[in-house]
2 protein chains.
Amino acid sequence: MPSVAVVGCGLTKFGKTDKGLIDLLAEASLKAIEDSGLENVEFDEVYVANMACGEFNGLSGIANALVGELSLEPAAAMKIENTSGSGGAAIYAGWKAIASGTSEYVLVAGGEKMSTKNSSETAEIIASLTHSEERIHGITLPSLAALSARQYMQLYGASREALAKVAVKNHEHALLNPLAQFHKKITVEDVINSPIICDPLRLYDYCPITDGAAAVILTTLENAKKLTDKPVVISGIGYATDYYSIQTRSRLDEFPAVKRAAEKAYKMAKIKPSDIQVAELHDMATILEILQSEDLGFFPKGGGWKAVLEDKTTLNGELPINTSGGLKAKGHPIGATGVAQACEIFLQLQGRCGERQVDAERGLTCNIGGYGNGVIVTIMEVAR
Amino acid sequence: MPSVAVVGCGLTKFGKTDKGLIDLLAEASLKAIEDSGLENVEFDEVYVANMACGEFNGLSGIANALVGELSLEPAAAMKIENTSGSGGAAIYAGWKAIASGTSEYVLVAGGEKMSTKNSSETAEIIASLTHSEERIHGITLPSLAALSARQYMQLYGASREALAKVAVKNHEHALLNPLAQFHKKITVEDVINSPIICDPLRLYDYCPITDGAAAVILTTLENAKKLTDKPVVISGIGYATDYYSIQTRSRLDEFPAVKRAAEKAYKMAKIKPSDIQVAELHDMATILEILQSEDLGFFPKGGGWKAVLEDKTTLNGELPINTSGGLKAKGHPIGATGVAQACEIFLQLQGRCGERQVDAERGLTCNIGGYGNGVIVTIMEVAR
């Protein structure tokens, strides 16, 4: 089975834009192709991650549209959707394509153009991912995150400040990421005093609505060695689903699918959690970054909030988390996120992150579809 | 690389129903799992083909939802979208998963629940797949098919009757398929006198709006041999895209992506077109079945319409086409179609088609996304 390497990445500016979805996808893809130096190869596959181009943009067949925009015919092309885990799912599909030996060059692009709708329409579109029998009772992702936060605080004595500090940290990181949506320093007080969304979580505990796209180029390690002196491989990847119905789950202070996906990824990469040196986690809400940092084995159960207070997850900490600014401050164009996470780890491992660069040869991404319904954990490392 | 086998299939009744999309997908999937005898294995992957569950059903994350419905956690799950080629694309993804050696048991389900919207809303949703710069001028799939029909009739002297006879034949076949949407014998005169849609094509030249789902189970040939005395393998598969913008194409009387996808599939299967003994083609409009029968190499260019008139593609002809009734009469629940085509060929090769059974050990499906934008050709045969 060939080793799968990442050999290029590209991102648009995240935020609100007048550009259309296909333009965003094409911009990120062209940057990634240029970054890889593979302008002249024939791509075998194009996977496009996106959640709701039908509802947001009145579009379908966007993978074919992207192929047309980039003149990549006759590459096979399909859209991959797994709600907010679409990007990770598309990388998983791309990884299979190369690992199978049936494809040599694969473009994985992800994007979402959300600013076409007002906030109530957008909330409705995003709520389409919750179980219909729960949705009718008003269950949404923000309210589920609040339930998790409440349970976590009660069980482990976590302070409100620790949650807020996740947002503060990620906003600080985003200050050093020119493509991030927010370039605004915030304080713990700003978070705690921001408008309440769902008790105990407030506006600044949640990621924003974002337009943007990201892309990576995958090929074999053999090819990668000809393209760069510092090839980066996907050494582990795991994908796991959990009960779709939240009421079927026994607790909300952990995500079994994160644990299962991570187990698979660690096993494939033949490493343990403490070997990870940088990570991009799915901080749709502040509490989620903390829960994932425990479910992935970085900190003991109930220890994630202390690690945040002890600055262990900042750029200078022992395990920098969300150096890009995360979903919270870099922004969360739904379909793009899993791909953007991979871009950040790729750039960190190649030492190309400028002011937010950390010292790392092995990194991890955790991308979540639904409320832990489908989770993809990817481990990348500098090939030796 | 492991050989990939189909070991089970399931279909719902096609037509209009009160059942929801997830229920339809679950029904087809459970039938397929039961058919395979694999009730007790752990599925690695669940690929769900669907075009527009957001617009038709207010749903996203349907792959996770299906996993939940079937209790297949922690199987990886994603939706695959390639408009009307979504089903073929999902089978292609499933094939890669097994062929890569990274997955052992894969469920591929496809479905669409379209009757939630009125016909003008439905037309709008389907039109989302056309190039935005062409859509504003009123270009739709039915009008493109009419342009193809006009050009084909002019270039090759094809008669209006030949086109009509495709619909007549497929309705005849559907009479023998209990799950087909239409059980209604029609005549050439019925077609020619039906309401005009886009000259020269009329209502009966087009497939209907349909609710329905289909599913297949994929595993290795090695496993298949333990499950059945007549294992069926996917011996060839090809996926090709063409110019997304129709105005960029040089002609409309052929589909280059069909030719390219077929070339790949024939090469992989090490066979030639004349080795195919039964085929399910993408007859969204009557003219398309004729064009595909030429682009796939079954008949010489300009000879497809004569083959229809000479009854070569009926159940008793030399190459039976659309024994299921095709999109025209079996129905076309968009995301289900590519999977349903695979079901029909699988059943034919296993000799399980009852009154519509033909004598075949090797079959082909051609599933088209957009107007030839993305095409998947699959060859299946009885393993020796």
Below 8 Å between Cα atoms, with a sequence gap of 6+, how large is the relative contact order for chain A in percent? 26
With every protein chain in place, the stretch B:1-130: carbon and sulfur % of accessible area (1.4 Å): 44
Helix-only mean residue ellipticity at 222 nm, chain B, DSSP H runs n ≥ 4 weighted -39,500 (n - 2.57), per residue, nearest 500. What is it? -11000 deg cm²/dmol
What percentage of the solvent-accessible surface of the stretch A:187-265, computed with a 1.4 Å probe over protein heavy atoms, is contributed by carbon and sulfur atoms? 50
Cα pair count fraction exceeding 13 Å, expressed as % - the stretch A:192-239: 73
Between the stretch A:309-367 and the stretch B:67-133, what is the C-alpha centre distance in whole Å? 32
Chain B, closest residue to the rotation axis toward A, by beta-carbon, whole angstrom: B:SER100, 2
Electrostatic dipole magnitude of the protein assembly as shown [Cβ: Lys, Arg +1; Asp, Glu -1; Cα centre; debye, to 20]: 460
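How much accessible area is lost when chains A and B come together, counting both sides, with a 1.4 Å probe, in Å² rounded to the nearest 100? Show your work: numbers first, answer last.
Values: alone 14470 and 14460 Å², together 25200 Å².
Buried area between the two chains comes out at roughly 3700 Å².
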Most fluctuating residue of A:LEU175, A:LEU107, A:LEU218 in a GNM of chain A with Cα springs under 10 Å: which is it? A:LEU175
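Within chain B, what's the longest run with no GluC sites (Glu not before Pro) in a DSSP loop and at most 12 other beta-carbon atoms within 10 Å? Give the range, please. Please list the in-between numbers first.
On the way: sites that count: B:GLU39, B:GLU42.
Here the longest run is B:43-384.
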Label position 7 Å from Cα toward Cβ: report the copy-to-copy distances for B:ASN40 in nm, one decimal, ordered from shortest. 5.8
Yeah, the stretch A:44-95 with a ≥ b ≥ c from its alpha-carbon gyration tensor (a/c under 1.5 is rounded, else prolate when a/b outruns b/c, oblate otherwise) is oblate
Work from the charge dipole of the protein assembly as shown (Cβ charges, +1 for Lys and Arg, -1 for Asp and Glu, about the Cα centre) and give the residue of A:GLN348, A:ALA269, B:ALA49 farthest towards its positive end. A:ALA269
Inter-centroid distance (Cα atoms) of the stretch B:1-40 relative to the stretch A:1-41, Å: 36
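Using a Förster radius of 25 Å, what is the FRET efficiency between A:GLN154 and A:LEU309 based on their Cβ-Cβ separation? Nearest 0.05, please. Could the numbers behind the result be given before it?
On the way: r = 18 Å, r/R0 = 0.71.
Once rounded, the FRET efficiency stands at 0.90.
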Ratio Rg/Rh [Cα only; Rh per Kirkwood] for the stretch A:314-384: 0.96
Considering Cα pairs under 8 angstrom that are at least six residues apart, work out the relative contact order of the stretch A:1-89 and quote it in whole percent. 28
Give me the aspartates and glutamates in straight-line cross-link reach of B:LYS306: C-alpha distance below 13 Å, same-chain residues under 8 apart excluded. B:GLU161, B:GLU289, B:GLU294
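Any idea what the relative contact order of the stretch A:250-361 is, in percent, if you count C-alpha pairs under 8 Å spaced at least 6 apart?
On the way: 119 pairs, mean separation 29.7, N = 112.
Once normalised by length, the contact order is 27 percent.
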Spin-label point model (7 Å from Cα, Cβ direction): what's the A:LYS184 to A:SER71 distance in nm? 4.2
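Evaluate E = 1/(1 + (r/R0)^6) for B:LYS301 and B:SER274, where r is the Cβ-Cβ distance and R0 equals 22 Å; express this FRET efficiency to the nearest 0.05. Could you put the intermediate results ahead of the total?
Values: r = 16 Å, r/R0 = 0.71.
Computed FRET efficiency for B:LYS301 and B:SER274 comes out at 0.90.
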Give the nm distances, rounded to one decimal, from A:LEU309 to the matching residue in every other copy, measuring between label points 7 Å along Cα toward the beta carbon; shortest first. 8.7
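Considering all projection directions equally, how large on average is the shadow of the alpha-carbon convex hull of the stretch B:1-133, in square nanometres? If you can, show how the numbers build up before the last one.
Values: hull surface 35.3 nm².
In nm², the orientation-averaged hull projection of the stretch B:1-133 is 8.8.
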I need two numbers for the protein assembly as shown: Rg to one decimal and Dmax as a whole number, Cα atoms only, in Å. 25.5, 82
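Can you classify the stretch B:221-329 as rounded, prolate or oblate using the Cα gyration tensor, where a ≥ b ≥ c are the square roots of its eigenvalues, rounded means a/c under 1.5, and otherwise it's prolate if a/b beats b/c and oblate if not?
Details: a/c = 2.03, a/b = 1.34, b/c = 1.51.
Oblate shape, in that a/c is at least 1.5 and b/c is the bigger or equal ratio.
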Would you please state the base-10 log of I(q)/I(0) at q = 0.10, 0.13, 0.18 1/Å for the stretch A:92-188, with intensities from the Debye formula using one equal scatterer on every alpha carbon? -0.55, -0.87, -1.10
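Chain A: percent of C-alpha pairs farther apart than 30 Å? The partial results should precede the final answer.
Numbers: 22872 of 73536 pairs.
Above the 30 Å cut-off, chain A has 31 percent of its Cα pairs.
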When chain A is modelled as a GNM with alpha-carbon springs shorter than 10 Å, which of A:LEU315, A:LEU59, A:LEU221 fluctuates the most? A:LEU59
Rounded to 0.05, the calculated FRET efficiency for the beta carbons of A:ASP199 and A:LYS267 at R₀ = 41 Å is 0.55
Mind telling me which of B:SER119, B:SER250, B:SER143 comes out most flexible in a GNM of chain B, alpha-carbon contacts under 10 Å? B:SER250
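Can you flag which of A:LYS264/B:LYS270; A:LYS185/B:LYS79; A:LYS259/B:LYS79; A:LYS79/A:LYS330 are past 28 Å Cα-Cα?
Working: A:LYS264/B:LYS270 37 Å; A:LYS185/B:LYS79 38 Å; A:LYS259/B:LYS79 23 Å; A:LYS79/A:LYS330 24 Å.
Pairs exceeding 28 Å: A:LYS264/B:LYS270; A:LYS185/B:LYS79.
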Please state, rounded to one decimal and in Å, the Kirkwood hydrodynamic radius that the stretch B:118-267 gives when every pair of distinct Cα atoms enters the mean of 1/r. 18.8
Listed residue (A:HIS282, A:ILE139, A:PHE255) projecting farthest to the positive dipole end of the stretch A:136-288, Cβ model: A:PHE255
Neighbour-limited loop hits for trypsin sites (Lys or Arg not before Pro), the stretch A:284-381 (at most 16 other Cβ within 10 Å; DSSP other than H, G, I, E, B): A:LYS301, A:ARG352
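Just to confirm, what accessible area per residue do you get for the stretch B:217-261 at 1.4 Å probe, in whole Å²? Write out the running numbers ahead of the final one.
On the way: 1800 Å² over 45 residues.
For the stretch B:217-261, the per-residue accessible area is 40 Å².
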Can you pull the three principal axis extents for the Cα set of the stretch B:179-269, in Å, largest first? 53, 39, 22
Just to confirm the numbers: B:LEU155, label point 7 angstrom along the Cα-Cβ line, distances to the other copies in nm, shortest first? 6.5
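The values are calculated or read from the model by the stated rules, or taken from the named source; none is laboratory data. Everything quoted here is computed from the prediction, not taken from an experiment. When we count neighbours, we look across all protein chains shown, and the Cβ atoms used for this are built from the backbone with ideal geometry, even at glycine. Note: areas computed on protein heavy atoms with side chains; ligands, DNA, RNA excluded. Shrake-Rupley method; radii C 1.70, N 1.55, O 1.52, S 1.80 Å.
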